[in-house]
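Here, each number is a calculation from the coordinates, and none is a lab measurement. Keep in mind that what you see is a predicted model, and the values were worked out from it rather than measured. For neighbour counting, all protein chains shown are included, and Cβ atoms are generated from backbone atoms with ideal geometry for every residue, glycine included.
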Amino acid sequence: MKTTCIKFLLAILCPLALFGCGDKGGSSAAPRKADTPMQALENMRQAFLDGDKEAFAQCFDATGQQAEMVDAFCDFSIAASRFDQAMRKAYGEDAVTQAMGGGARNVPFEDDNWLKDVTIQVEGDTATAVKAGQGEDLRLVKRDGRWKIDAASMLSDKGATDQGVEQLTTMFQTMTRVVTDVSQKVGQSGYTAEKINQELRQAMMSAMMQAAGTPGMPGR
């Protein structure tokens, strides 16, 4: 069974394990018309960097509950970005890197060449985006001359049900609250970068356990 393509998005755009998708609070430049699938993906990248929820939502072909899911996903990514920024401002780059396991920080959206390893296959008014080294793909559709990401393709067969979409939306909303709550402790007396990271992991694990077994959950 196909796994959720939310995992694809997280892998090539803003991984759940990586806090650092930009948040500039809006862009003065209007996005280019998405007359190609690549441009649609680039517009989504720019919307993330700008923290522009409206522009981000416009990059997707989604209605009803699927649109709510996309909105919740964007909220989580922005909250995660703000957490990352606050951590690095309060404790410094080295302390935060050590607290997160010492791995190198790699933010795909900050790289202008982030689409270099993405292959697009177009068939009429549909297209498939495949990232080298990733087992997931992402479908795009052409609507009224503009390419958009098909929100339905982000879900597994089970997750595509109304219940599955609702549960996935709830999961993102819960994780947003977790990150926001833990962010309030950043810089407080007695809280080191390591302690903050430990509390975030514990709280996030609890949130994920609440959502365990739900259809369409990332990685399932």
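Could you line up 120, 196 from fewest to most neighbouring Cβ atoms inside 10 Å?
120, 196
Taking other Cβ within 10 Å of each residue's Cβ, how do 178, 130 sort, fewest first?
Taking fewest neighbouring Cβ atoms as first place, the list is 130, 178.
Pairs 89/195; 116/142; 33/53; 53/148; 33/148: which are spaced more than 19 Å apart, C-alpha to C-alpha?
Long pairs (Cα-Cα over 19 Å): 116/142.
Which cross-chain or sequence-distant (5 or more) residues have an amide H under 5 Å from the amide H of residue 61, H modelled 1.01 Å from N in plane?
It is 149, 150, 151, by chain and number.
Would you mind ranking 81, 206 by Cβ crowding within 10 Å, fewest neighbours first?
206, 81
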